[in-house]
Structures are given as C-alpha cells and as structure tokens.
1. Of the residues ILE83, ILE92, which is crowded, with 19+ Cβ neighbours inside 10 Å, modelled with pLDDT of 85 or more, under 30 Å from ALA317 (Cβ atoms) and aliphatic (A, V, I, L, M)?
2. Do we find a residue being surrounded by fewer than 16 Cβ atoms within 10 Å (Cβ to Cβ) and assigned to a helix (DSSP H, G or I) anywhere in the range 110-132?
3. Enumerate the pairs (first residue in the range 100-119 and at negative phi; second residue anywhere and aromatic (Phe, Trp, Tyr) and open to solvent by 10 Å² or more (accessible area, probe 1.4 Å)) with beta-carbon separation below 6 Å, excluding pairs fewer than 6 apart on the same chain, so at least 6 apart or on different chains.
4. I'm checking my understanding of the structure. Among residues of the range 266-301 that are over 30 Å from SER326 (Cβ atoms) and part of a helix (DSSP H, G or I), which one is modelled with the highest pLDDT?
5. Could you give me the residue pairs with C-beta distances under 8 Å whose first residue belongs to the range 285-314 and is at positive phi, whose second residue is surrounded by fewer than 17 Cβ atoms within 10 Å (Cβ to Cβ) and among the hydrophobic types (A, V, I, L, M, F, W, C) wherever it lies, and which are 6+ apart or on separate chains?
6. Do any residues in the range 75-98 that are within 30 Å of ILE340 (Cα to Cα) have Cβ atoms under 6 Å from those of residues that are in a helix (DSSP H, G or I) and of a type in the set (S, T, N, Q), where the two are at least six apart or on different chains, and which pairs are they?
7. Within the range 249-265, is there a residue that is within 18 Å of ALA162 (Cα to Cα), at pLDDT 90 or above and open to solvent by 40 Å² or more (accessible area, probe 1.4 Å)?
8. Would you point out the residue of the range 149-189, among those that are of a type outside the set (Asp, Glu), in a helix (DSSP H, G or I) and over 32 Å from the mean Cα position of the chain (by Cα), that is modelled with the highest pLDDT?
Amino acid sequence: MILVVRTLSAMILSLAAAAAMSSGGGSSLNSSSPLDPFDSSTSWSLVEDPANSSSEPVVQTVTPDLQPATTAVALQEVSPWDIALCVTGTLISCENALVIAVLFYTPTLRAPMFILIGSLAVADLLAGLGLILNFVFTYLIDSSVEFVTLLSVGLLISAFSASVFNILAITVDRYLSLYNALTYHTERTVTFTYVMVVFIWVSCLTLGLLPALGWNCLRDESTCSICRPVTKNNAVALAVTFLLVFALMMQLYLQICKIAFRHAQQIAVQHQFLAISTTKGVSTLSAILCAFGACWLPFAMYSIVADSSYPVIYTYATVLPATCCSVINPIIYAFRNPDIQKSLWMACCGCVPSNLSLRPRTSSDV
C-alpha cells in the first residue's frame, strides 16, 4: 500500500510540473524557454533518485543538459592584395623552375653565363616560394608566432636580395666580355664564376638572418618599417643599397653602349650591319633598365620615406611591382637566349624551328 501511494504521488508531481512548464512561459509551442523539450539545443538524460533504496522500484526524473546550439567560428578576411601576391609568387615559381630544369638537364649549358642565369633563376624561385609561404603563414598558420614571422621575412629578404645582386653580376659579366673581348674567355674561369655566386649567396643569406639575430621591431612596434618586422633603419639601408646597385648598373650599361658604338665605328666594312645590331642592343639595354627601375624604384623610395604608420595599401601598391621583376627576369635573361630556346623546343616537341638562330651566344649578347 505504501509503495502504491508513493508511486501515485510521484506521478502527480510529475504531471503538475509538466503543466506548470507549459503554462508558465505562455501557451505557444514556439516559446524560446531554455527548457523547451522540442528545442534541438537541449538534450535530456535520466537521473536516478538517490532517495530510493535498492529494494524499491527506481524512480527516475528527466533533467535537461543545456548545450550551446552553435559555435561561432571567426575567419580572417583575405586581402585581395595578398591573393595577388600569392598568384604572382606561383607564376614566378613556375617560370624559374622551368629555367632551372632546362639548365640542369642540358649538359651543354654549363658556361659561366648560364651559371649566373641559373643562380638568378634559383633566387627568383625562392622569392616566389617565399610569397606563397607568406600567404600560408598569414591565413593558415598563427602568424603571431615570432619564428614564423622571422622565417617568412628572412626568406623574402634573402631571395630578393640575391635576385638583385645576380642581375648586377650578369651586368658585370656582359661589361667584362666587351671590355676584354680578346682575353676575357682565357682569363675568366668557371671556378671564378662559382666563387662570385657563392659570395652573393653568403651575403644575401646574412641579410636574411639579420631579423632573426635581433634586428627586428617585435619588441618595439614604433621602430617598424613598412615591412614588419624589419626595422626602419634596416629598411633604409637595404633601399640605399639597391639605389647604389641601380646606379652601378646604369653606369655599366652606359659603358657597354659606348664600347658597342666604338666597335661599330672601327669596322667600316660591317658598319651598316653593326649599326643596326648596336641600335637593337641599345634599345634592349634601355628596356632592361627601364623594367628594372620601374619595378624596384617605387618600393625603394617608399621604404626610405615611410614607416609602419603609413596606410598599408601604399605598401602593397609598391611591393607588387617589385615582385613582378622576378616574373620579367626569366623572359629577359633566359627565354631570349637561343641555346635555352633550342633546349625548350627539343624538350616540348622534339624539334627546333627553322627560324631559330643557332648562332652561339656570348656573354656580351643582350
């Protein structure tokens, strides 16, 4: 009898509680009450009444487990400028990987001139990979980690510095091949070229390691340049160095033009042919200098006058043309070379076009 009474009492209390729940928050089923049994965000579990002994029937009550219905996920908005830089880096990587493959698998392309072209292609390939990794570090990996930031900026500084210095080395090579046309190929050896390439890469890798060695603005944001975490002083030093390199290249190309015109005047029999050839060479040199200056001068000048407080859109607007220089380099220094063109045609279709010049190209050719 006692057992029946207790069971009936529990059922009455449960019905009363249910009635109170349905009437307490309004008569509508669409109520937003946190204990709505039809709410998908509320789960229910059976809990045993601890007052019951093991010899009596178990009375269970239904209790809700409140859980959040949704979880907000914050996604960083992707900048169109970063997408453009990533696409540019992909194009740079594909172009220069093709140049490196051609030079590596063609045994005849082992002259000092091709060593410098290969070194330039490696530098531009690393620059393209650096742009892709910078995009990955910014949007797919926690860029607040100091190691990630220093690795990204170090790779970009080393790669682009090596690209600029390899262009200077190619300019010096062309000048020397004209200035010492008779004795140039006997005095200069492949070993000397490798030493020059090693010196370029050691210097550029050292520049890239400077931020990791403490030359950064991670501890003092007020000293940052337009390219964090490079300090303002370091950015100015790199920009001034580039301006000096550009001035030296202009001087060397002016000397190349003078030597070419002098050779054209000294040989009267071939005067007309050489005049046409020299005019074409001068126009090519002018295009090379204009392209190089148009790509890098805006970024270099902006690095000198600006700092981290300037709008970031100005930084993007000057960085993007600078990266485009690595897109142009394979076209100017590799794909225009008849020997590389021949290797490309042989690799692609197994033949060489009849209109392709097979004349051996020397270092002085532009």
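1. Details: ILE83 fails: crowded, with 19+ Cβ neighbours inside 10 Å.
So the residue among ILE83, ILE92 that is crowded, with 19+ Cβ neighbours inside 10 Å, modelled with pLDDT of 85 or more, under 30 Å from ALA317 (Cβ atoms) and aliphatic (A, V, I, L, M) is ILE92.
2. Initially, the range 110-132 is screened for residues surrounded by fewer than 16 Cβ atoms within 10 Å (Cβ to Cβ), giving 110.
When the remaining residues are screened for being assigned to a helix (DSSP H, G or I), the result is none.
Looking through the range 110-132, none of the residues is surrounded by fewer than 16 Cβ atoms within 10 Å (Cβ to Cβ) and assigned to a helix (DSSP H, G or I).
3. These pairs meet every condition: LEU103/PHE114; ILE117/TYR333.
4. Applying the first criterion (over 30 Å from SER326 (Cβ atoms)) to the range 266-301 yields 266-276.
If we keep only those that are part of a helix (DSSP H, G or I) as well, we get 266, 271-276.
Details: GLN266: 67, HIS271: 51, GLN272: 52, PHE273: 51, LEU274: 50, ALA275: 51, ILE276: 54.
The selected residue is GLN266.
5. The qualifying pairs do not exist here.
6. Filtered contacts from the range 75-98: THR88/THR323; ILE92/SER326.
7. Within the range 249-265, the first condition is being within 18 Å of ALA162 (Cα to Cα), and the residues that meet it are 249.
Next, only the ones that are at pLDDT 90 or above stay: 249.
Restricting the remaining residues to those that are open to solvent by 40 Å² or more (accessible area, probe 1.4 Å) gives none.
No, the range 249-265 contains no residue that is within 18 Å of ALA162 (Cα to Cα), at pLDDT 90 or above and open to solvent by 40 Å² or more (accessible area, probe 1.4 Å).
8. If we filter the range 149-189 for residues that are of a type outside the set (Asp, Glu), which is where we start, we get 149-172, 174-186, 188-189.
From what is left, the residues that are in a helix (DSSP H, G or I) are 149-172, 174-179, 184-186.
If we keep only those that are over 32 Å from the mean Cα position of the chain (by Cα) too, we end up with 175-179, 184-186.
Working: TYR175: 86, LEU176: 81, SER177: 80, LEU178: 80, TYR179: 79, TYR184: 69, HIS185: 69, THR186: 65.
The residue in question is TYR175.
The values are calculated or read from the model by the stated rules, or taken from the named source; none is laboratory data. For clarity, every value in this text was computed on a predicted model and none was experimentally measured. Neighbour counts run over all protein chains shown; Cβ positions are idealised from the backbone, glycine included. Ligands, DNA and RNA are excluded from the accessible area calculation, which covers all protein heavy atoms including side chains. Shrake-Rupley method; radii C 1.70, N 1.55, O 1.52, S 1.80 Å.
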